[in-house]
Structure formats: C-alpha cells, structure tokens
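Here's the structure we're looking at; comments come further down.
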Amino acid sequence: MKKANGHEIIQLFEQFSPKGLAMEGDKIGLQIGRLNKKIDNVMIALDVLEEVIDEAIERNVQLIIAHHPPIFRSLKNVLTDTVQGRMIEKLLKNDIAVYAAHTNLDVAAGGVNDLLADALGLGNPEVLVPTYETKLKKLVVFTPASHAEEIRKVLGDTGAGFIGNYSHCSFSADGTGRFLPGEKTNPYIGQQGRLESVDEVRIETIVPEHLLKRVVTAMVKAHPYEEVAYDIFPVENKGEVLGLGRIGTVKEMTLGEFAERVKKALEVDKVRVVGDLSSRVKKVAVLGGDGNKYFMSAKFKGADVYITGDIYYHTAHDAMMQGLNMIDPGHNVEKIMKKGLTATLSKMCKESGYEVEIFPSEVNTDPFKFI
C-alpha cells in the first residue's frame with residue numbers, strides 16, 4: 001500500500017463520476033484548497049457547513065468530497081467576520097481541500113439517482129431524463145500469444161469491453177508480428193539488429209472515452225513488450241445513455257402504502273404527498289434534489305408517482321391536473337450518497353493500492369424540522 005496525493009484520489013473519483021457528465025454551468029471540481037499533498041483521510045459530505053468543517057478538523061481530514069458545492073454563486077470578497085468567510089478561513093488554515101461533485105454525481109452510473117432507485121427497490125430502472133451519451137473508442141493491441149489472456153483480463157478489469165450487461169467483451173485473431181530491435185533496445189523477445197517474427201494475437205475491444213487513459217495505462221503496464229503496438233479508432237456505435245433521475249417498477253400497492261415505503265427506505269419521518277392515497281402505484285420515477293421541472297418527463301414515461309424534493313405549490317397543482325402522483329421526501333435524502341460514495345471510492349482506492357481512510361460525515365445538515 002502507498003500514500004496517495006489529492007490528485008490521485010480525484011483522478012480515481014473522476015473515473016467514476018467524470019466532470020463531463022455535469023449539467024452546463026454547474027459549479028464542480030476543486031473549490032477550496034490544494035490537491036498536491038498527501039491524503040490520509042477523506043470525508044464524504046452532502047453539504048459543507050461550519051459544523052461539517054469542525055468535524056473534518058477533529059477527524060484530521062485533508063480532503064472533503066461534497067455533493068453540494070459550498071461556493072455556488074461567485075464571491076466578490078471573502079470576509080472572515082461572516083459565516084461563509086469564517087468557513088473558508090477554517091478550511092485554509094487547516095489545509096482542508098473541498099472538491100464538489102454535483103450533477104455529475106447525480107448522472108453517474110452508481111451515483112445519487114441509482115442509489116435512490118436501489119433504496120426504493122425499483123425493478124429494471126432506466127434513465128428518466130437523458131443528458132449524456134458515452135462516446136466510445138475501439139482499442140486494438142498486439143501481444144505475444146503467451147500474454148493474450150492476461151491482457152484481455154486487464155482490459156476488462158479496467159472498464160473496457162462493456163456491451164450492455166456483458167463485460168470483458170473482446171475479439172482476438174492470430175497473426176505474425178515482425179520487428180527489428182535497434183541498438184538501444186532491450187527486447188522481451190529477439191536480439192538487437194536481428195529481424196524477429198513472433199506469433200502474436202490481435203485483441204480488439206470497446207472502451208468508453210472517459211476510461212481510455214486508465215485502460216491504456218493498465219494495458220501498457222501489463223504488456224511484456226518494451227514498446228507496445230496498439231491503435232485507437234473512433235467508432236459511431238451508440239454508448240451508454242446517462243442522465244438525471246431513474247424510472248422503474250415496484251410491486252403494485254396504494255400510494256399511501258408506497259409513501260410509507262419511501263419514508264422507511266430514505267430514512268425520513270415525514271413526506272409530502274400529492275394525489276389520492278388510495279390510487280394504485282406500480283411504475284415509479286425518482287430524481288434526487290429539486291426535480292420540479294422534470295415532472296412531465298415522469299408523466300410521459302408512464303410513472304404513477306414521481307419522487308423528488310422541493311416540490312413547488314404550483315408544480316403540485318400542475319401534476320394533479322396531469323393525473324400524476326408526487327411524493328416529496330425532502331432535498332436532504334441525497335444524503336444517501338455519503339455511504340454509497342464512501343463504499344465506491346474505498347473500493348477503488350484499495351484496488352489501486354492506496355493507503356487512505358474514507359468515511360462519511362456524521363453531521364445532519366437537513367435545515368428542516370417537522371413539529
């Protein structure tokens with residue numbers, strides 16, 4: 001195991017939740033501090049409030065990865081006698097960096113909306129509002145037959161070869177590789193100054209563009225040759241469609257029964273419900289955060305009920321007129337990302353050999369109380 005710096009941690013994170021998935025204009029990325037330092041402890045937070053910063057200081061945290069950006073509107077100044085200024089001062093004095101992953105974490109496979117869909121038990125979940133289509137590349141590499149199986153495994157393990165629900169997909173063809181090692185070479189096979197012919201295997205596979213660097217790096221590391229021969233081609237195949245929200249099915253029940261399920265699954269005491277509690281629910285849409293403007297997407301895709309936060313009074317009326325039930329468990333249910341992201345990033349760091357502790361913030365940042 002080795003110590004990782006902030007750049008290495010964030011590079012791993014962005015393989016899971018690339019910046020390119022974010023909605024236009026979203027305030028994401030490093031917002032406060034620096035990444036060029038060793039990281040012992042990473043804290044995953046929904047919001048960055050002063051109580052969260054105090055928790056980070058107490059737990060010797062060097063990096064906070066937050067879902068909600070602490071700096072969302074441009075700052076004209078940083079005054080340390082204000083709450084926001086005092087927060088920034090504390091972070092800088094204690095050398096704590098803050099990195100924000102907002103709508104890119106909403107959209108990412110395995111991100112906020114998938115976590116919500118899993119918690120609610122949605123069957124066959126699909127994207128509710130498509131916002132991004134993954135670009136694909138074809139990677140072709142030539143390797144001696146003795147290493148073909150190892151190279152295929154490395155490619156699949158690092159994210160290449162995913163077609164639908166199938167992984168580690170590739171095509172192989174046998175052939176002959178020829179090369180003439182020069183004076184300053186140290187060939188794995190052959191001798192300097194002598195033309196060599198080797199039985200080789202051509203391996204082809206598909207790679208999502210955002211994973212290409214990771215896949216090529218791993219492939220080159222596993223390859224026995226001093227100089228690896230490989231090609232990268234653009235392809236027009238449609239990649240995975242990603243986006244906001246999820247829609248799926250549940251065992252049929254009443255809206256009232258499903259509301260109770262939402263409360264239990266998302267760990268809230270109360271929910272606001274729009275619609276007849278005796279109406280039947282089978283197809284369910286969910287979108288974390290403020291999903292008011294997407295309620296018609298849920299209606300068009302046949303949802304019986306739409307779960308989202310911050311439902312406006314007039315949006316509720318509009319949904320009622322469309323015959324769409326709604327449930328508002330609050331914006332804070334996105335807290336589900338704390339444990340989910342902790343598990344995902346911990347696994348990625350372990351696989352990369354990084355010695356780092358990753359844990360969720362324990363501070364409750366929900367500003368609302370129901371009495």
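The values are calculated or read from the model by the stated rules, or taken from the named source; none is laboratory data. Only a predicted model underlies this, so the values are computations on that prediction, with no experimental measurement involved. FYI the Cβ positions are ideal-geometry reconstructions off the backbone, even for glycines, and counts take in every protein chain you see. Keep in mind that these areas ignore ligands, DNA and RNA; they rest on the heavy atoms of the full protein, side chains included. Shrake-Rupley method; radii C 1.70, N 1.55, O 1.52, S 1.80 Å.
What's the total number of residues in the stretch 21-43 that are assigned to a strand (DSSP E or B) and open to solvent by 40 Å² or more (accessible area, probe 1.4 Å)?
Going through the stretch 21-43 one residue at a time, the tally reaches 3.
Okay, residues lined up against (1) in contact with an Asp or Glu (Cβ under 6 Å, 6 or more places away or on another chain); (2) of a type in the set (V, I, T); (3) open to solvent by 60 Å² or more (accessible area, probe 1.4 Å):
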{"residue": "G190", "(1), (2), (3)": "yes, no, no"}
{"residue": "R194", "(1), (2), (3)": "no, no, yes"}
{"residue": "V198", "(1), (2), (3)": "no, yes, no"}
{"residue": "R202", "(1), (2), (3)": "no, no, yes"}
{"residue": "K221", "(1), (2), (3)": "no, no, yes"}
{"residue": "Y225", "(1), (2), (3)": "no, no, no"}
{"residue": "A229", "(1), (2), (3)": "no, no, no"}
{"residue": "F233", "(1), (2), (3)": "no, no, yes"}
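So which residues in the stretch 264-299 are touching a strand residue (DSSP E or B) at 6+ places or on another chain (Cβ under 9 Å), open to solvent by 30 Å² or more (accessible area, probe 1.4 Å) and not polar (S, T, N, Q)?
If the condition is that a residue be touching a strand residue (DSSP E or B) at 6+ places or on another chain (Cβ under 9 Å), open to solvent by 30 Å² or more (accessible area, probe 1.4 Å) and not polar (S, T, N, Q), then V271, R272, V273, G275, D276, L277, R280, K282, K283, D290, Y294, K299 are the ones that fit.
Would you confirm, using the coordinates I've provided, whether L120 is among the hydrophobic types (A, V, I, L, M, F, W, C), closer than 30 Å to M253 by Cβ, open to solvent by 10 Å² or more (accessible area, probe 1.4 Å) and at pLDDT 95 or above?
no
Could you please find all residues in the stretch 158-202 being touching a Pro at 6+ places or on another chain (Cβ under 9 Å), in contact (Cβ under 8 Å) with a residue 24 or more places away in the chain, within 15 Å of Y230 (Cα to Cα) and in a strand (DSSP E or B)?
Correct list: G177, E200, V201.
Between residues in the stretch 349-371 that are within 12 Å of V61 (Cβ to Cβ) and open to solvent by 30 Å² or more (accessible area, probe 1.4 Å) and residues that are assigned to a loop (DSSP other than H, G, I, E, B) and not hydrophobic (A, V, I, L, M, F, W, C), which pairs lie under 7 Å by C-beta distance while being six or more apart or on different chains?
These pairs meet every condition: E357/D40.
How many of the residues making up the stretch 123-157 are surrounded by fewer than 17 Cβ atoms within 10 Å (Cβ to Cβ) and assigned to a helix (DSSP H, G or I)?
6
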